[in-house]
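> I'd like to ask some things about the structure below.
The values are calculated or read from the model by the stated rules, or taken from the named source; none is laboratory data. Bear in mind the structure is a predicted one, so any value in this text is a computation, not a measurement. Every residue, glycine as well, gets a Cβ built from its backbone with ideal geometry; the counts of neighbours run over all protein chains shown. All accessible areas refer to the heavy atoms of the entire protein, side chains included, with ligands and DNA or RNA removed. Shrake-Rupley method; radii C 1.70, N 1.55, O 1.52, S 1.80 Å.
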Amino acid sequence: MSGHQVFSGSSLKITGGRLLDGRGKDESNRALLIRNSRIAATGEAAEKADADQVFDARGCIIAPGFVDLYCNLREPGNGQKGNMRTEARAAARGGFTTVCESPETSPVNDSRAVTHLIREGAEAGSPVRVLPIGALTRGLEGEMLSDMGGLTAAGCIAVGNGSRSVRSARVLRRCMAYAQTFGLTVMLRPENQSLAADGYAHDGLVASRLGLLGIPEVAETASVMEMLLLAEETGVRLHLSQLSCGRSVEMVADARRRGVAVTADVAMHQLIFTEDALAGFDSRFHLRPPLRSEADRKALVAGVREGVIDAIVSQHLPHESAAKQAPLPDTAPGLSSIESVLSLGLELVHRDELSLSELIRSLTTGPASVIGRNASAGQDDKADLCVFDPATRWTPDSQSLISAGKHAPVLGQPLRGVVRLTLVDGQEAWASH
Amino acid sequence: MTVNAAAAHHLQLTRDGQLRHFLTLDGLGRALLTDILDTADSFIEVGERSIKKVPLLRGRTVANLFFEPSTRTRSTFELAAKRLSADVLNLDINTSATSKGESLSDTLLNLEAMASDMFVVRHAQSGAAHFIAESVTPGVAIINAGDGRHAHPTQAMLDMLTIRQNKGTFEGLKVAIVGDILHSRVARSQIRALNELGAEQVRVIAPGTLLPRDVESLGCTVEYDMAKGMKDLDVVIMLRLQKERMEGALLPSEREFYRLYGLSQEKLALAHPECIVMHPGPINRGVEIESAVADGPQSVILSQVTNGIAIRMAVMSMAMGGQVAERQQKRSTLKGDQS
């Protein structure tokens, strides 16, 4: 029922859908004609045009393809946890047309050779665009600068340190100054290592009751403050990734008001779940940063609504099942999430916490602008599109997930929202009907 | 019910509300806790006979899985199982399987192949007993003998039994727990039990570095000054202090800790004259407690050990009973389906 080639001709007409372009445009019954990898016509012109194939998008929403600023495709080097073939296809099923791969591959992406390897792997096996994030420090060890000049030339779109922190503020300051030389955006997940220590849960009510080792809020906020001050001083473009605290959102908004070039993202699961998800020691919700309080969740959602948080990311981190089968503290952190991002987002829309256009913006134009790309669905734009049916239900289970990681947040629960068609460069990356 | 309680309730009780695992006191009501205490009372008499056995677990195999060493807890579980006529298998997994790189799931599969009916589990990680209860085949009962910082429910219940023996009731009692609350699975279970059983006041007495975040949410009040905290107490429970706490910048020195939070005769004199003194053991004399207090007339530390056997007998027989009842129920539903 899914995954086989539906669209194979040289022109395709999508009819009857509601178009949301991530910039506030919302048009119902909008036709699009796709020819030669571009949107050749829209509206009435498209309606009248002949096409090899027609896709009936009645009841569906047409949006620019989603852009994920942070995910792990696990290639090269972590074949037991996933690979380009499974994970990039899972991304296409999630409606993503562009994904930024974390530098935390094995070996880490700190050289041109690894960047090339990722790009070649993507060329051969990925239906979606894969943009590598280069390592900020050599080996991600937080001690020496990576060859940022070489990484930029090889096609890295930003530099970051994956899930690892740069302990020394002096090294971080120099990394920023060096990245600034190449106009590179520095993407960082704020976490003060000495405050986070051995923790694996939000230092709050649930951790206190269950005796879990806490990661205090200040492990994030102290790091956000340090990063903002260093970015302000060095003038680098800073992107704060995977925020988990309400307080961090305030600090970002504040820095922006002062003119600091800072953007931010949050993982979709942080907008839905809280520390309560750990109540039964459920290892799927062992995440880094941890799920925090309901007040934090609300503040993060508000941050998305108000545009202080530019993007929602999947933070997709697939694992083999053994990595999650142990007492909670002994399990590996991370969720297999990229296939359910849209559905969780639609849940927020359903609860009136986000509007549909705010959701689309945070998955398309918001993240695209962070990496200096364009996400759009207008005349002559390249046809990177996602067509989804917001009402149809599906129930993810370990068989139906494409990702090699089966530890999805919502296994066995009916979710709303199914991606019908993902087009990359006018080519079908995913189709289901 | 908190989310934790709801999650635990679902896992450790049968549909009729009988125990089938004993993992945490979260989600267990006053009636069930009282039932455990009453059952333990009836087993105390068994320990006083010349032949100290009852046949409740005859033909059953109980495996003691100690992933973390503990002579005292393991011995009392072993004795309890033997007094219930079970066959007992002692496994110090610390030194065997895990050091060879075997995963916990694989270790469990092997033990299940030996047809055990019950696992008594001690593990250094919070949630280990939950994980095992969720992974084992139905029909095997899991008893938590202490998991990380999370829970030590049999210890808390033997403490409750000791309090009830000495005070008769929990109503109106003022109880303090003193020392390293942050790292203590015992304290978490005790606070929960005392609240459920109706103690009037539960105080924790400790410096800020040894308290979990928002500790009041567990159901207690905080007192930094021990002299104030001792006022009018009916029960004072001292906790063991690990030596590592000095290295992690949680405490400056044992000496300062003893001066501020050690239980001396002078401090005990501030409590109610009939205040009893408890300690889960093993005690550090001169660190948490003065020898004269530990050995004094108000100390009930040794009867805690005796009560430990009775509580463990109670919990083991009740959980096995729950498993058996559940199996019979399933069998009769199956039969019902067929007819």
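> Return one number: the angle in degrees, 0 to 90 and rounded to the nearest 10, between the long axis of the Cα atoms of helix B:30-48 and the longest principal axis of the Cα atoms of chain B.
90
> Angle between the Cα long axis of helix B:185-197 and the longest principal axis of chain B, 0 to 90 degrees, nearest 10?
The angle comes out near 90 degrees.
> Mind checking which of B:T169, B:T73, B:T24 has the largest fluctuation in a GNM of chain B, springs on alpha carbons under 10 Å?
Evaluated over chain B, the most mobile residue of the options is B:T169.
> What does the charge count around A:S102 come to, taking other residues whose C-beta lies under 12 Å from its C-beta (Lys +1, Arg +1, Asp -1, Glu -1)?
Values: positive: A:R74, A:R164, A:R189; negative: A:D68, A:E75, A:E87, A:E101, A:E104.
With Lys, Arg at +1 and Asp, Glu at -1, the neighbours total -2.
> Please list the non-local residues whose amide H lies under 5 Å from the amide H of A:R129, H modeled 1.01 Å from N, same-chain partners needing a gap of 5 or more.
A:T98, A:V99
> Given H placed on each backbone N at 1.01 Å, which residues far from A:V54 in sequence or on other chains put an amide H within less than 5 Å of it?
A:K13
> State which entries of A:K81/A:K298; A:K25/A:K382; A:K81/A:K324; B:K82/B:K167; A:K324/B:K330; B:K167/B:K231 exceed 21 angstrom in Cα-Cα distance in the structure shown. Could you put the intermediate results ahead of the total?
Values: A:K81/A:K298 32 Å; A:K25/A:K382 18 Å; A:K81/A:K324 11 Å; B:K82/B:K167 30 Å; A:K324/B:K330 30 Å; B:K167/B:K231 18 Å.
Checking Cα-Cα distances, A:K81/A:K298; B:K82/B:K167; A:K324/B:K330 exceed 21 Å.
> In peptide A:306-317, what is the residue-averaged number of other protein chain Cβ atoms found within 10 Å of each Cβ? Could you put the intermediate results ahead of the total?
Working: counts 0, 0, 0, 0, 0, 0, 0, 0, 0, 0, 0, 0.
Average neighbour count from other chains, rounded to a whole number: 0.
> Can you work out ³J(HN,Hα) from phi for every residue in segment B:113-129, in order, using Karplus 6.51 cos²θ - 1.76 cosθ + 1.60 and θ = phi - 60°, giving whole Hz and x for Gly and Pro?
Values per residue, Gly and Pro as x: 5, 8, 6, 7, 9, 8, 10, 9, 10, 10, 8, 6, 9, 4, x, 4, 5 Hz.
> Given a 1.4 angstrom probe, what's the average accessible area per residue across segment B:194-267, in square angstrom? Working shown, then result.
Details: 3570 Å² over 74 residues.
The answer is 48 Å² per residue.
> Continuing with this model, one more query. What stretch of chain B, leaving out the sites themselves, is the longest with no GluC sites (Glu not before Pro) in a DSSP loop having at most 16 other Cβ atoms within 10 Å?
Working: sites that count: B:E102, B:E200, B:E247, B:E274.
Formally, the longest exposed-site-free interval is B:1-101.
> A further question on this structure: Which of B:Y224, B:V300, B:Q242 sits closest to the plus end of the dipole of segment B:153-303, meaning its Cα is farthest towards the positive end, when Lys and Arg get +1 and Asp and Glu get -1 on the C-beta?
B:Q242
> Shifting gears a bit: Please give me the summed charge of the neighbours of A:L131: other residues whose Cβ is under 11 Å from its Cβ, Lys and Arg +1, Asp and Glu -1.
Values: positive: A:R119, A:R129, A:R373; negative: A:D68, A:E101.
The answer is +1.
> Let me ask something else about it. Calculated FRET efficiency, A:S10 and A:D352, Cβ-Cβ r, R0 25 Å, to nearest 0.05?
Working: r = 42 Å, r/R0 = 1.70.
Calculated value: 0.05.
> Among all the aspartates and glutamates, which ones have a C-alpha under 15 Å from B:K243's C-alpha, if same-chain residues fewer than 8 places away are not counted?
Filter leaves B:D180, B:E254, B:E256, B:E288.
> Now for a separate question. ³J(HN,Hα) across segment B:179-184 via Karplus (A = 6.51, B = -1.76, C = 1.60, θ = phi - 60°), whole Hz, x for Gly/Pro?
x, 7, 5, 3, 8, 9
> Relative to the longest principal axis of chain B, what angle (0 to 90°, nearest 10) does the C-alpha long axis of helix B:153-167 take?
60
> Using the Karplus curve 6.51 cos²θ - 1.76 cosθ + 1.60 with θ = phi - 60°, work out ³J(HN,Hα) for each residue of segment A:189-200 in order, rounded to whole Hz, and write x for Gly and Pro.
9, x, 7, 7, 4, 6, 7, 6, 6, 8, x, 8
> Dipole size in debye (nearest 20) for chain A around its Cα centre, Lys and Arg Cβ +1, Asp and Glu Cβ -1? If you can, show how the numbers build up before the last one.
Numbers: 45 positive and 51 negative charges, 55 e Å.
Dipole about the Cα centre, nearest 20: 260 debye.
> Compute a Gaussian network model of chain B, connecting alpha carbons closer than 10 Å, and tell me which residue from B:L194, B:L65, B:L182 fluctuates the most.
The residue that fluctuates most here is B:L182.
> I would also like to ask the following. About the Cα centre, and with charges only on the beta carbon of Lys, Arg (+1) and Asp, Glu (-1), how big is the dipole of the protein assembly as shown? Nearest 20 debye, please. Spell out each step's value before the answer.
Working: 82 positive and 90 negative charges, 145 e Å.
Dipole size: approximately 700 debye.
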